[in-house]
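Here is the structure we will look at.
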Amino acid sequence: MPINPRDPYDPNNIFAKILRGEIPCDKVYEDEWTLAFHDINPQAPLHLLVVPKGAYVSWDDFSEKASSEEIAGLIRAVGQVARENGLVDPGYRVLANIGQHGHQEVPHLHIHLFGGRQFGTMI
Ligand code: 5GP
(Lines give C-alpha, C1' and ligand atoms only; values in the text may rest on other atoms or scores of the structure.)
Protein backbone atom coordinates (compact mmCIF):
# COMPACT_ATOMS: atom_id res chain seq x y z
CA MET A 1 0.00 0.00 0.00
CA PRO A 2 1.65 3.28 -1.07
CA ILE A 3 2.27 5.60 1.86
CA ASN A 4 1.49 9.26 2.42
CA PRO A 5 4.79 11.13 2.71
CA ARG A 6 3.20 13.52 5.21
CA ASP A 7 2.32 10.72 7.65
CA PRO A 8 4.24 10.75 10.95
CA TYR A 9 7.32 8.52 10.98
CA ASP A 10 6.50 4.91 11.91
CA PRO A 11 9.40 3.56 14.01
CA ASN A 12 8.26 -0.01 13.26
CA ASN A 13 8.77 0.20 9.49
CA ILE A 14 11.01 -2.47 8.01
CA PHE A 15 14.02 -0.21 7.38
CA ALA A 16 13.88 1.16 10.94
CA LYS A 17 14.08 -2.46 12.12
CA ILE A 18 17.05 -3.09 9.82
CA LEU A 19 18.77 0.06 11.13
CA ARG A 20 18.26 -1.13 14.72
CA GLY A 21 19.65 -4.56 13.82
CA GLU A 22 16.35 -6.27 14.66
CA ILE A 23 16.16 -7.91 11.25
CA PRO A 24 19.10 -8.78 8.99
CA CYS A 25 20.18 -7.20 5.74
CA ASP A 26 22.89 -7.90 3.17
CA LYS A 27 24.97 -4.81 3.98
CA VAL A 28 27.33 -3.25 1.44
CA TYR A 29 28.19 0.05 3.17
CA GLU A 30 27.75 1.93 6.44
CA ASP A 31 28.94 5.25 7.78
CA GLU A 32 27.84 7.83 10.35
CA TRP A 33 24.86 8.93 8.27
CA THR A 34 23.76 6.00 6.15
CA LEU A 35 23.37 2.26 5.69
CA ALA A 36 23.30 0.54 2.27
CA PHE A 37 22.20 -3.00 1.51
CA HIS A 38 20.86 -5.25 -1.25
CA ASP A 39 17.16 -5.00 -2.06
CA ILE A 40 15.38 -8.21 -1.02
CA ASN A 41 13.51 -8.36 -4.36
CA PRO A 42 16.04 -7.10 -6.93
CA GLN A 43 14.71 -5.47 -10.11
CA ALA A 44 18.13 -5.49 -11.82
CA PRO A 45 21.32 -7.60 -11.68
CA LEU A 46 22.47 -5.19 -8.96
CA HIS A 47 19.79 -3.43 -6.90
CA LEU A 48 20.99 -1.60 -3.79
CA LEU A 49 19.21 0.64 -1.30
CA VAL A 50 20.83 3.53 0.56
CA VAL A 51 18.95 4.78 3.64
CA PRO A 52 19.69 7.65 6.00
CA LYS A 53 20.04 6.64 9.66
CA GLY A 54 17.71 9.47 10.72
CA ALA A 55 13.95 8.99 11.00
CA TYR A 56 12.66 10.47 7.72
CA VAL A 57 9.54 9.22 5.93
CA SER A 58 10.46 10.40 2.45
CA TRP A 59 12.60 12.65 0.27
CA ASP A 60 10.10 15.40 1.03
CA ASP A 61 10.48 15.01 4.80
CA PHE A 62 14.28 14.66 4.53
CA SER A 63 14.86 17.64 2.26
CA GLU A 64 12.78 19.83 4.60
CA LYS A 65 14.02 18.67 8.02
CA ALA A 66 17.41 16.95 7.75
CA SER A 67 20.60 18.79 8.68
CA SER A 68 23.08 19.82 6.00
CA GLU A 69 25.42 17.12 7.33
CA GLU A 70 22.75 14.43 6.95
CA ILE A 71 21.91 15.57 3.42
CA ALA A 72 25.56 15.69 2.39
CA GLY A 73 26.10 12.29 4.05
CA LEU A 74 23.33 10.64 2.05
CA ILE A 75 24.36 12.17 -1.28
CA ARG A 76 28.00 11.24 -0.74
CA ALA A 77 27.08 7.71 0.34
CA VAL A 78 25.06 7.13 -2.85
CA GLY A 79 28.10 8.09 -4.92
CA GLN A 80 30.46 6.03 -2.78
CA VAL A 81 28.25 2.93 -2.96
CA ALA A 82 28.02 3.30 -6.75
CA ARG A 83 31.80 3.59 -7.07
CA GLU A 84 32.52 0.69 -4.73
CA ASN A 85 30.13 -1.57 -6.62
CA GLY A 86 31.45 -0.86 -10.12
CA LEU A 87 28.37 1.05 -11.23
CA VAL A 88 29.96 4.24 -12.53
CA ASP A 89 31.16 2.72 -15.80
CA PRO A 90 29.01 1.63 -17.70
CA GLY A 91 26.48 3.60 -15.68
CA TYR A 92 23.48 3.06 -13.46
CA ARG A 93 20.15 4.51 -12.38
CA VAL A 94 19.23 6.28 -9.11
CA LEU A 95 15.58 6.44 -8.09
CA ALA A 96 13.51 7.51 -5.09
CA ASN A 97 9.80 6.77 -4.85
CA ILE A 98 7.77 9.36 -2.96
CA GLY A 99 4.19 8.96 -1.80
CA GLN A 100 1.20 7.54 -3.64
CA HIS A 101 1.98 8.54 -7.22
CA GLY A 102 5.61 7.55 -6.66
CA HIS A 103 4.40 4.20 -5.31
CA GLN A 104 6.54 4.37 -2.18
CA GLU A 105 5.94 1.26 -0.07
CA VAL A 106 8.41 1.56 2.82
CA PRO A 107 7.90 4.75 4.87
CA HIS A 108 11.59 5.41 5.53
CA LEU A 109 13.46 7.38 2.85
CA HIS A 110 15.51 5.09 0.62
CA ILE A 111 17.45 5.65 -2.57
CA HIS A 112 17.45 2.81 -5.10
CA LEU A 113 20.59 2.13 -7.17
CA PHE A 114 20.06 -0.11 -10.20
CA GLY A 115 22.91 -1.47 -12.29
CA GLY A 116 24.18 -4.32 -14.39
CA ARG A 117 21.97 -3.90 -17.44
CA GLN A 118 20.76 -1.35 -19.97
CA PHE A 119 17.74 0.56 -18.67
CA GLY A 120 16.63 2.37 -21.79
CA THR A 121 14.65 5.58 -21.73
CA MET A 122 13.31 7.15 -18.56
CA ILE A 123 9.94 5.64 -17.58
P1 5GP B 1 9.65 1.49 -2.54
O2 5GP B 1 8.53 1.05 -3.43
O3 5GP B 1 9.18 1.87 -1.17
O4 5GP B 1 10.52 2.54 -3.17
O5 5GP B 1 10.63 0.25 -2.42
C6 5GP B 1 10.77 -0.54 -1.28
C7 5GP B 1 11.84 -1.56 -1.57
O8 5GP B 1 12.19 -2.19 -0.37
C9 5GP B 1 11.38 -2.65 -2.55
O10 5GP B 1 12.25 -2.66 -3.68
C11 5GP B 1 11.46 -3.92 -1.72
O12 5GP B 1 11.89 -5.04 -2.47
C13 5GP B 1 12.45 -3.54 -0.63
N14 5GP B 1 12.26 -4.26 0.62
C15 5GP B 1 11.07 -4.44 1.28
N16 5GP B 1 11.29 -5.13 2.42
C17 5GP B 1 12.62 -5.37 2.49
C18 5GP B 1 13.43 -6.04 3.45
O19 5GP B 1 12.98 -6.57 4.47
N20 5GP B 1 14.77 -6.10 3.19
C21 5GP B 1 15.31 -5.54 2.06
N22 5GP B 1 16.65 -5.66 1.91
N23 5GP B 1 14.57 -4.90 1.14
C24 5GP B 1 13.24 -4.81 1.35
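The values are calculated or read from the model by the stated rules, or taken from the named source; none is laboratory data. Given the structure is predicted, the values throughout are model-derived calculations rather than measurements. Because the Cβ atoms are built from the backbone with ideal geometry, glycine has one as well, and the counts that use them run over all protein chains shown.
May I ask you to list the residues in the range 96-114 that are farther than 20 Å from A16 by Cα and of a type in the set (A, V, I, L, M, F, W, C)?
F114 - this is the single residue of the range 96-114 that is farther than 20 Å from A16 by Cα and of a type in the set (A, V, I, L, M, F, W, C).
Hey, could you check the range 1-21 for residues that are within 13 Å of the chain's Cα centre (by Cα) and over 19 Å from I75 (Cα atoms) and say which is farthest from the ligand (Cβ to nearest atom)? Let's see the steps before the verdict.
Within the range 1-21, the first condition is being within 13 Å of the chain's Cα centre (by Cα), and the residues that meet it are 14-16, 18-19.
Filter once more, keeping what is over 19 Å from I75 (Cα atoms): 14, 16, 18.
Values: I14: 5, A16: 11, I18: 6 Å.
Per the stated criteria, the residue is A16.
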What pairs come out if I take residues in the range 57-70 that are under 18 Å from H101 (Cα atoms) and pair them with residues that are of a type in the set (D, E) whose C-beta lies under 7 Å away, six or more apart or interchain? V57/D7
Could you grab the pairs with beta carbons closer than 7 Å, sequence gap of 6+ or different chains, first residue in the range 1-14 and surrounded by 14 or more Cβ atoms within 10 Å (Cβ to Cβ), second one among the small types (G, A, S) and assigned to a loop (DSSP other than H, G, I, E, B)? P5/S58; Y9/A55
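Results for (1) at pLDDT below 95; (2) acidic (D, E), shown as yes or no for each residue.
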| site | (1), (2) |
| --- | --- |
| R76 | no, no |
| G79 | no, no |
| A82 | no, no |
| D89 | no, yes |
| R93 | no, no |
| Q100 | yes, no |
| V106 | no, no |
| L109 | no, no |
| L113 | no, no |
State all residues of the range 22-35 that are within 13 Å of the ligand (Cβ to nearest atom), over 15 Å from the mean Cα position of the chain (by Cα) and of a type outside the set (A, V, I, L, M, F, W, C); if no residue qualifies, say none. E22, P24
Y9 being at pLDDT 95 or above, hydroxyl-bearing (S, T, Y) and part of a loop (DSSP other than H, G, I, E, B): yes
If we take the range 44-123, then strands (runs of 3 or more DSSP E) inside it with 2 or more residues that are buried (at least 19 other Cβ atoms within 10 Å of the Cβ), away from the ligand (no atom under 11 Å from the Cβ) and under 13 Å from the mean Cα position of the chain (by Cα) are 46-52
